[in-house]
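Novice: Handing you a structure now.
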Amino acid sequence: MIKEIVDNNLKQVICEDVLKDLPEWFGIEESTRHYIDEVVKYKFMALYVGEHAVGFYSLREENKDVLDMYVLGIKKQYHGRGLGSTLQDFVNDYAKTHGYSYVMVLTLSEKHSDKGYALTRDFYHKNGFIDIYQSDKIWDKSNPTQIMIKKL
């Protein structure tokens, strides 16, 4: 089950619980803390298995046409089960319903050798995203950024 979470404390609890389960992707404590603090500002969709939130997408409006998938994650034990694609489909439908033409995401670019992020980029490509811009200036040179976008 997927539901929108409006309680700011619950957004932070779910975000922290999921991100702490993903140190391969969210291993920089300062950045992870920033995401946990900032999710209160944005739309938040949580994925539940039974009574437990096992994933989420936090959504930020980039502009009237583009919805940014600000931060997201699915707990490791649920990877490879299609739950990420289910949640992505839900977000795509949400974006269309609310008048957006595109969804976008920032991730670590292929210039970095991280295997986890290679899987992340593969996930987005399989879900219809294309690479539009890579930069060493959005985050920093040791964390080159790939902007990906999908037309809805």
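Novice: I'd like the full set of residues that are part of a helix (DSSP H, G or I), open to solvent by 70 Å² or more (accessible area, probe 1.4 Å) and in contact (Cβ under 8 Å) with a residue 12 or more places away in the chain, limited to segment 17-36. Walk me through it before giving the result.
Specialist: Narrowing segment 17-36 to residues part of a helix (DSSP H, G or I): 17-20, 29-36.
Now narrow it down to the ones that are open to solvent by 70 Å² or more (accessible area, probe 1.4 Å): 17, 20, 29-30, 33-34.
Result: ASP17, LYS20.
Novice: While we're looking at this one, here's another question. When only residues in segment 1-16 that are of a type in the set (A, V, I, L, M) and surrounded by 13 or more Cβ atoms within 10 Å (Cβ to Cβ) count, which is nearest to ASP114 (Cα to Cα)? Lay out the reasoning, then the answer.
Specialist: Quick first cut of segment 1-16, residues of a type in the set (A, V, I, L, M) only: 1-2, 5-6, 10, 13-14.
After this cut, where a residue has to be surrounded by 13 or more Cβ atoms within 10 Å (Cβ to Cβ) as well, the list is 2, 5, 10, 13-14.
Working: ILE2: 30, ILE5: 31, LEU10: 31, VAL13: 27, ILE14: 25 Å.
Only one residue tops the list, namely ILE14.
Novice: Oh, and also: Taking only segment 37-52 into account, find how many residues are part of a loop (DSSP other than H, G, I, E, B) and either open to solvent by less than 70 Å² (accessible area, probe 1.4 Å) or under 23 Å from TYR117 (Cβ atoms) (or both). Give the derivation first.
Specialist: Step one: list which residues in segment 37-52 are part of a loop (DSSP other than H, G, I, E, B), which gives 42, 50-51.
Restricting the remaining residues to those that are either open to solvent by less than 70 Å² (accessible area, probe 1.4 Å) or under 23 Å from TYR117 (Cβ atoms) (or both) gives 42, 50.
Here the count works out to 2.
Novice: Quick one: which residue in LEU87, LEU19 is closer than 22 Å to HIS125 by Cβ and within 14 Å of the chain's Cα centre (by Cα)? Explain how you work it out, then say what you get.
Specialist: Working: LEU19 fails: closer than 22 Å to HIS125 by Cβ.
Result: LEU87 is the single residue among LEU87, LEU19 that is closer than 22 Å to HIS125 by Cβ and within 14 Å of the chain's Cα centre (by Cα).
Novice: Within the bounds of segment 67-77, is there any residue that is open to solvent by less than 20 Å² (accessible area, probe 1.4 Å), at pLDDT 95 or above and more than 16 Å from VAL18 (Cα to Cα)?
Specialist: Yes, that holds for at least one residue.
Novice: Only one of THR86, THR107 is open to solvent by 40 Å² or more (accessible area, probe 1.4 Å) and either assigned to a strand (DSSP E or B) or in contact with a strand residue (DSSP E or B) (Cβ under 9 Å, 6 or more places away or on another chain) (or both). Can you tell me which?
Specialist: Values: THR107 fails: open to solvent by 40 Å² or more (accessible area, probe 1.4 Å).
Just a single option satisfies the conditions, and that option is THR86.
Novice: Continuing with this model, one more query. Would you please name the residue that is nearest to GLY73 (Cα to Cα), looking only at residues in segment 110-130 that are among the hydroxyl-bearing types (Ser, Thr, Tyr) and under 15 Å from the mean Cα position of the chain (by Cα)? I'd like the intermediate steps shown before the answer.
Specialist: Within segment 110-130, the first condition is being among the hydroxyl-bearing types (Ser, Thr, Tyr), and the residues that meet it are 113, 117, 120, 124.
Then drop every residue that is not under 15 Å from the mean Cα position of the chain (by Cα), which leaves 117, 120, 124.
Numbers: TYR117: 12, THR120: 10, TYR124: 13 Å.
Step by step, filter segment 110-130, then rank; the result is THR120.
Novice: Another question, if that's okay. Say we look at segment 1-16 and pick out the residues that are outside any helix (DSSP H, G or I) and of a type in the set (Asp, Glu); which of these is nearest to the chain's Cα centre (by Cα)?
Specialist: Step one: filter segment 1-16 for residues outside any helix (DSSP H, G or I), giving 1-7.
Cutting the leftovers down to of a type in the set (Asp, Glu) gives us 4, 7.
Numbers: GLU4: 15, ASP7: 19 Å.
So the residue we want is GLU4.
Novice: Return only the number of the condition from (1) in contact with a Phe, Trp or Tyr (Cβ under 9 Å, 6 or more places away or on another chain); (2) part of a strand (DSSP E or B); (3) open to solvent by less than 40 Å² (accessible area, probe 1.4 Å) that ARG60 does not satisfy.
Specialist: Against the list (1) in contact with a Phe, Trp or Tyr (Cβ under 9 Å, 6 or more places away or on another chain); (2) part of a strand (DSSP E or B); (3) open to solvent by less than 40 Å² (accessible area, probe 1.4 Å), ARG60 comes up short only on (3).
Novice: Continuing with this model, one more query. Quick one: which of THR145, THR120 is open to solvent by less than 30 Å² (accessible area, probe 1.4 Å), within 25 Å of PRO23 (Cβ to Cβ) and part of a strand (DSSP E or B)? It would help to see each step written out before you state the result.
Specialist: Working: THR120 fails: part of a strand (DSSP E or B).
Exactly one of THR145, THR120 is open to solvent by less than 30 Å² (accessible area, probe 1.4 Å), within 25 Å of PRO23 (Cβ to Cβ) and part of a strand (DSSP E or B), namely THR145.
Novice: Related question: Just one of the numbered conditions (1) open to solvent by 40 Å² or more (accessible area, probe 1.4 Å); (2) at pLDDT 90 or above; (3) assigned to a helix (DSSP H, G or I) is not true of ARG81; which one?
Specialist: With respect to (1) open to solvent by 40 Å² or more (accessible area, probe 1.4 Å); (2) at pLDDT 90 or above; (3) assigned to a helix (DSSP H, G or I), ARG81 is out only on (3).
Novice: Right, another one. Assess whether TYR35 counts as being over 24 Å from VAL13 (Cα atoms), of a type in the set (Phe, Trp, Tyr) and in contact with a Leu (Cβ under 8 Å, 6 or more places away or on another chain). Before the answer, list the steps.
Specialist: Working: over 24 Å from VAL13 (Cα atoms): no; of a type in the set (Phe, Trp, Tyr): yes; in contact with a Leu (Cβ under 8 Å, 6 or more places away or on another chain): yes.
Here the answer is no, as TYR35 does not meet what is asked.
Novice: Those residues that are among the aromatic types (Phe, Trp, Tyr) and either open to solvent by less than 40 Å² (accessible area, probe 1.4 Å) or in a helix (DSSP H, G or I) (or both), I need them from segment 89-104; list them, please.
Specialist: To start, the set of residues in segment 89-104 that are among the aromatic types (Phe, Trp, Tyr) comprises 90, 94, 100, 102.
PHE90, TYR94, TYR100 - these are the residues of segment 89-104 that are among the aromatic types (Phe, Trp, Tyr) and either open to solvent by less than 40 Å² (accessible area, probe 1.4 Å) or in a helix (DSSP H, G or I) (or both).
The values are calculated or read from the model by the stated rules, or taken from the named source; none is laboratory data. Remember, it's a predicted structure, so these values are computed and weren't measured experimentally. In this analysis, Cβ positions are derived from the backbone assuming ideal geometry, glycine residues included, and neighbour counts consider all displayed protein chains. In case anyone asks, the SASA skips ligands and DNA or RNA and just uses the protein heavy atoms, side chains included. Shrake-Rupley method; radii C 1.70, N 1.55, O 1.52, S 1.80 Å.
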